[in-house]
Amino acid sequence: MKKSRFYLRYLFGAVVMITLVGVPTVQAREHTQSNDNASAIYWKTEKDHIGMLAAYAVVYKGWQKDNARGYNIGSVLLSNDSLNSRLVFWGRNCNTVTHNETQHGEVRLMLGYLAKLNADRQHKLKVPDIKNLDGYTVYTTLEPCAQCSGMMTLQKVHNTIYGQGDPGFGKALERLQLNSSSLPNGYLPYPRPVISERANIIYCNQLEKGFSEYQKKYGPDAHITDFLKSEEARQIFESAYSELKAYKAKVPSINDRFLIETKKMVESVPKEFVPLHPDI
Ligand SMILES: [Zn+2]
């Protein structure tokens, strides 16, 4: 009896020791490891954050209340150089000024960049020897439509990150990946899948909430492009632009140069319409 009580006390003591000493040590080790892992992957997360801020900023810099140029939608293009990737081009919707409803921000981004490369090539400048956007990333303020998703797919874009979901015309890339081959007359997913991600950024939540309220007020058929002319939307884009201007890199060893170049590019974006290269 005494012996078993001794063992019980011993067991209790051991449990207390593990609880007080052992577990916190394990937790501390895990915590350190997860911190290392977090900073190892955070540079990419931060690059996406900066890229997304740049896309909002490009739109804000050409903000219009009347859509005289096109809709308040735009995008920026990230090259495929992994650690050294940088924003190489920007584009905004120009449907109105061109009288051409194909002129979405992403279309002009992709066409415009390849046209610029070709013009530089003809002027004997050293440019990447590419004819498509294999491995590139598109940051866009509004979820891509079917037209832009189709172009991204054929141009081998790696992924797109959007700063507001589009309940009407979104999920085009996901629909291309639907596998209906088990159904009569079904199809396999479309080749060259492009990853589509909703940006993990506060402005995305704000814009989606704002549009949802707008639809409650003006009915389910209210246009997202009309919401994007509103003062509420303008203020959200302005906040993103302000954040970018004040932003300091959290992983400066990797993202400082990217941030400086991004800020420089955004500052060079004019309010006015910029035509694409005349060769296309
Ligand atoms: Zn589009």
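In this structure, is I161 without any contact (Cβ under 8 Å) to a residue 40 or more places away in the chain and among the β-branched types (V, I, T)?
Details: without any contact (Cβ under 8 Å) to a residue 40 or more places away in the chain: no; among the β-branched types (V, I, T): yes.
No.
Can you tell which of D120, D48 is more than 16 Å from the ligand (Cβ to nearest atom) and within 15 Å of L276 (Cα to Cα)? Break it down into steps so the answer makes sense when it comes.
On the way: D48 fails: within 15 Å of L276 (Cα to Cα).
None of the others qualify; the one that does is D120.
Determine if the stretch 200-220 includes at least one residue that is free of Cβ contacts under 8 Å to residues at least 24 places away in the same chain, more than 22 Å from M52 (Cβ to Cβ) and touching a Gly at 6+ places or on another chain (Cβ under 9 Å).
no
Do we find a residue being within 14 Å of the ligand (Cβ to nearest atom), among the hydroxyl-bearing types (S, T, Y) and closer than 15 Å to I161 by Cα anywhere in the stretch 89-108?
Looking for residues that are within 14 Å of the ligand (Cβ to nearest atom), among the hydroxyl-bearing types (S, T, Y) and closer than 15 Å to I161 by Cα, one finds none in the stretch 89-108, hence no.
Name the pairs whose Cβ atoms lie under 6 Å apart, with the first residue in the stretch 92-104 and more than 11 Å from A68 (Cα to Cα), the second in a loop (DSSP other than H, G, I, E, B), and 6 or more positions between them or separate chains?
Pairs that qualify, where the first residue is more than 11 Å from A68 (Cα to Cα) and the partner is in a loop (DSSP other than H, G, I, E, B), are R92/G62; E101/N95; Q103/C94; Q103/N95; H104/N93.
How many residues does the stretch 61-91 contain that are under 25 Å from F227 (Cα atoms) and without any contact (Cβ under 8 Å) to a residue 60 or more places away in the chain?
3
Among the residues of the stretch 71-88 satisfying the criterion of being surrounded by 20 or more Cβ atoms within 10 Å (Cβ to Cβ) and assigned to a loop (DSSP other than H, G, I, E, B), which is nearest to the ligand (Cβ to nearest atom)?
I73
Write out, first by first residue and then by second, each pair whose Cβ atoms fall under 8 Å of each other, whose residues are 6+ apart or on separate chains, and whose first residue, in the stretch 138-156, is outside any loop (DSSP other than H, G, I, E, B) while the second is within 8 Å of the ligand (Cβ to nearest atom) and acidic (D, E).
V138/E106; T140/E106; C148/E106; M151/E106; M152/E106
Tell me the residue from S242, S253 that is modelled with pLDDT under 95 and either surrounded by fewer than 17 Cβ atoms within 10 Å (Cβ to Cβ) or in a loop (DSSP other than H, G, I, E, B) (or both), please. Reasoning before the result, please.
On the way: S242 fails: modelled with pLDDT under 95.
So the residue among S242, S253 that is modelled with pLDDT under 95 and either surrounded by fewer than 17 Cβ atoms within 10 Å (Cβ to Cβ) or in a loop (DSSP other than H, G, I, E, B) (or both) is S253.
Look at S196 and say whether it is small (G, A, S), in a helix (DSSP H, G or I) and within 27 Å of W43 (Cβ to Cβ). Quick ask: steps written out before the conclusion?
Values: small (G, A, S): yes; in a helix (DSSP H, G or I): no; within 27 Å of W43 (Cβ to Cβ): yes.
No, not satisfied.
For E143, indicate whether it is among the acidic types (D, E), within 16 Å of the ligand (Cβ to nearest atom) and closer than 30 Å to E232 by Cα. Step through it out loud before you land on a result.
Values: among the acidic types (D, E): yes; within 16 Å of the ligand (Cβ to nearest atom): yes; closer than 30 Å to E232 by Cα: yes.
It is true that E143 is among the acidic types (D, E), within 16 Å of the ligand (Cβ to nearest atom) and closer than 30 Å to E232 by Cα.
Note down all Cβ pairs under 8 Å where the first residue falls in the stretch 118-136 and is in a helix (DSSP H, G or I), the second is of a type in the set (D, E) and modelled with pLDDT under 95, and they're at least six residues apart or on different chains.
N118/D279; A119/D279
Determine which single condition K271 fails, assuming it passes every other condition in (1) closer than 12 Å to Y60 by Cα; (2) part of a helix (DSSP H, G or I); (3) of a type outside the set (S, T, Y); (4) in contact (Cβ under 8 Å) with a residue 12 or more places away in the chain.
Unmet condition: (2).
The values are calculated or read from the model by the stated rules, or taken from the named source; none is laboratory data. None of the values given here were measured: they were computed from a predicted structure. Using ideal geometry, Cβ is built from the backbone for each residue, glycine included, and neighbour counts are taken over all protein chains shown.
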